[in-house]
Amino acid sequence: MLKELLIIMISSSLVSNVVLSQFLGLCPFLGVSRKTNTASGMGVAVIFVITLASAVAGVIYKYVLVPLDITYLQTIVFILVIAALVQFVEMFLKKYIPSLYESLGVYLPLITTNCAVLGVALTNVQKEYGILEGVVNGFATAVGFTISIIILAGIREKMEYNDIPESFKGMPIVLVTAGLMAIAFCGFSGLL
């Protein structure tokens with residue numbers, strides 16, 4: 001059992017990185033990756049939301065939707081669970097860490113519509129993971145997202161001091177950088 005969980009963790013965080021391999025969650029990946037402190041704050045929020053959403057969605061799916069034979073409602077139910085969790089995170093940050101709340105700005109409520117969060121919940125159902133495997137998959141996927149966004153933020157901070165051609169300044173060089181990161185993460189595919 002421990003071996004399977006370790007494989008899920010490595011696969012979800014590095015090999016099938018949600019941003020660089022599956023191209024989910026690109027909006028906050030590109031929007032919040034200007035500074036490493038903001039990126040790490042977003043990463044922690046995403047780790048919390050995806051991990052908890054995986055657990056709650058797994059329990060609801062297994063003990064409510066399947067027994068009542070209403071699995072066709074899974075997408076709507078998962079979105080409601082995610083929206084409630086994001087509201088909780090938003091209220092917590094606004095009260096206890098207002099500087100991070102302000103720096104995340106509009107991207108914090110956008111976690112609700114972050115396709116990576118919903119994608120994890122749906123992947124857990126498609127791969128028929130149990131609740132524990134789903135939580136591990138959710139946590140590892142969120143860690144992979146956090147690794148990606150922090151690396152991109154670090155690169156973007158260093159790029160501020162580089163001489164970049166005018167046509168590549170701004171988002172074009174960020175997209176080129178993200179593409180190169182995706183190519184680099186393809187090297188992890190040989191792990192499993």
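The values are calculated or read from the model by the stated rules, or taken from the named source; none is laboratory data. Predicted, not measured: the structure shown is a model, and the values here were computed from it. All Cβ positions, even for glycine, are placed from backbone atoms using ideal geometry, and neighbour counts span all protein chains on display. Just the protein is used for accessible areas: all its heavy atoms, side chains included, with ligands, DNA and RNA removed. Shrake-Rupley method; radii C 1.70, N 1.55, O 1.52, S 1.80 Å.
Structure data summary
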quantity: Carbon and sulfur %, accessible surface of the chain computed with the full protein complex present, 1.4 Å; calculated: 69 percent
quantity: For the chain, accessible area per residue (1.4 Å probe, heavy atoms of protein chains only), Å²; calculated: 53 Å²
quantity: Size-normalised alpha-carbon gyration radius of the chain, reference 2.2 N^0.38 Å; calculated: 1.07
quantity: Mean separation of Cα contacts under 8 Å (6+ apart) over length of the chain, as relative contact order %; calculated: 43 percent
quantity: Cα gyration tensor category, rounded, prolate or oblate, for segment 1-112 with a/c compared to 1.5; calculated: oblate
quantity: Computed lengthening from M159 to L26, 0.36 nm per intervening residue step minus Cα-Cα distance; calculated: 45.9 nm
quantity: I97 accessible area, 1.4 Å probe, all protein chains in place, Å² to nearest 10; calculated: 60 Å²
quantity: Sparse-neighbour loop sites [GluC sites (Glu not before Pro); segment 99-170; at most 15 other C-beta within 10 Å; DSSP]; calculated: E128, E160
quantity: J(HN,Hα) series, segment 12-22, from Karplus relation 6.51 cos²θ - 1.76 cosθ + 1.60, nearest Hz, glycine and proline x; calculated: 6, 8, 10, 5, 10, 3, 4, 8, 8, 10, 9
quantity: Helical segments meeting 18 Å axial Cα length and Kyte-Doolittle 1.6 threshold in the chain (DSSP H); calculated: 36-60, 171-185
quantity: R0 of 25 Å, Cβ-Cβ distance I7-V44: FRET efficiency to nearest 0.05; calculated: 0.50
quantity: Solvent accessible area, Å² - L2, 1.4 Å probe, full protein context; calculated: 140 Å²
quantity: Segment 84-192: C-alpha gyration tensor shape, a/c 1.5 cut-off, then a/b vs b/c; calculated: oblate
quantity: Check: the chain dipole with +1 on Lys, Arg Cβ and -1 on Asp, Glu Cβ, in debye; calculated: 180 debye
quantity: Nearest-20 debye value, segment 1-100 charge dipole, Cβ charges on Lys, Arg, Asp, Glu; calculated: 340 debye
quantity: FRET efficiency, C115 to E166 (Cβ-Cβ, R0 35 Å, nearest 0.05); calculated: 0.60
